[in-house]
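Structure record follows, encoded as structure tokens.
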Amino acid sequence: MRSVVIRDLGRLGYAGALQVQHEIAEELKQGRGQDHLLFVEHPHVITIGRNGHEDNVLRTLDELDEQGIELHETDRGGDVTYHGPGQIVGYPVMDLRNWKRDVGAYVRGIEQVIIDTLKEFGISARRIPGLAGVWTGEGESAAKIAAIGVHLSRWVSTHGWALNVATDLRYFGYIVPCGLSLPDGRIRPVTSMERLGVRVGMDEVKAALARHFMRVFEFYGEQ
């Protein structure tokens, strides 16, 4: 088993968290440093992934600025998403050459971490084939509770997941989350642990996420 450093960055802007990831990733690419799992809670920010479409941002830059929402283009996979208070963002910065050189297996591993964590709190969650992320509910009522977008460079990962714990879901109204719509044109809904009736502290959820992350990716932890 391998070691991983689990580090909570607290409340930190998107650019600052990205800089921390890049510093760790560069060390790993050079054969130095350690794998990390970073937790962070971002101030209000909308990010557009490398496959994203600006049309999925439903407000102008001026309107976003009036609401105190930053907008960042980024190199992760996926389309448009929102980060903000009440959401646990997890950034695994790890060398997949020491686990599996398989992007699909890596994304499925992250999904499993979140599914198993939610199960601990009495929430039944699942995958939807062909759609990255974690979902609750069935059919057209299925709602995304966690978004996933990753980036790999020389098999070193950055970016990761965003789990809605007590997120103010109204902010998702400024975007088409992950660019996903239903056949009738309605935007696919999002949800949170709180919306599903589970009120729990952020630290308790982080502890469960860390535990399942270490199990799925075969780590032992270091604080």
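The values are calculated or read from the model by the stated rules, or taken from the named source; none is laboratory data. All figures in this text were calculated on a predicted structure; none of them were measured in a lab. Every residue, glycine among them, receives a Cβ derived from its backbone with ideal geometry; neighbour counts consider all protein chains shown.
Side notes on the structure shown:
- When we screen G16, G10, G33 for residues that are part of a loop (DSSP other than H, G, I, E, B) and either within 14 Å of S157 (Cα to Cα) or more than 14 Å from the chain's Cα centre (by Cα) (or both), the only hit is G33.
- Residue in region 144-163 that is over 25 Å from Q19 (Cα atoms), loosely packed, with under 14 Cβ neighbours inside 10 Å and out of contact with any strand residue (DSSP E or B) (no Cβ under 9 Å at 6 or more places or on another chain) present: no
- Verdict on W161 being among the aromatic types (F, W, Y) and either part of a loop (DSSP other than H, G, I, E, B) or farther than 30 Å from L28 by Cβ (or both): no
- Search result, residues across region 67-118 that are within 30 Å of D55 (Cα to Cα) and free of Cβ contacts under 8 Å to residues at least 24 places away in the same chain: G104, R108
- Residue list for region 1-34, restricted to those being on the phi > 0 side of the Ramachandran plot and surrounded by 14 or more Cβ atoms within 10 Å (Cβ to Cβ): G33
- Cβ-Cβ distances below 9 Å connect the following pairs, each with a first residue in region 128-141 that is in contact (Cβ under 8 Å) with a residue 60 or more places away in the chain, a second residue that is hydroxyl-bearing (S, T, Y) and surrounded by fewer than 21 Cβ atoms within 10 Å (Cβ to Cβ), and a separation of six or more residues or different chains: T136/S124.
- Among the conditions (1) in contact with a helix residue (DSSP H, G or I) (Cβ under 9 Å, 6 or more places away or on another chain); (2) touching a residue at least 40 places away in the same chain (Cβ under 8 Å); (3) among the hydrophobic types (A, V, I, L, M, F, W, C), A17 misses just one, which is (1).
- Condition check for K100 on (1) surrounded by 14 or more Cβ atoms within 10 Å (Cβ to Cβ); (2) within 17 Å of the chain's Cα centre (by Cα); (3) in a loop (DSSP other than H, G, I, E, B): one failure, at (2).
- Residue match in region 59-79 (condition: out of contact with any strand residue (DSSP E or B) (no Cβ under 9 Å at 6 or more places or on another chain) and either under 28 Å from R199 (Cβ atoms) or surrounded by 13 or more Cβ atoms within 10 Å (Cβ to Cβ) (or both)): yes
- In region 165-204, residue modelled with the highest pLDDT [restricted to those that are farther than 25 Å from G68 by Cα and in contact with a Lys or Arg (Cβ under 7 Å, 6 or more places away or on another chain)]: S181
- Residue in region 77-85 that is assigned to a loop (DSSP other than H, G, I, E, B), under 28 Å from E204 (Cβ atoms) and either out of contact with any Gly (no Cβ under 8 Å at 6 or more places or on another chain) or hydrophobic (A, V, I, L, M, F, W, C) (or both) present: yes
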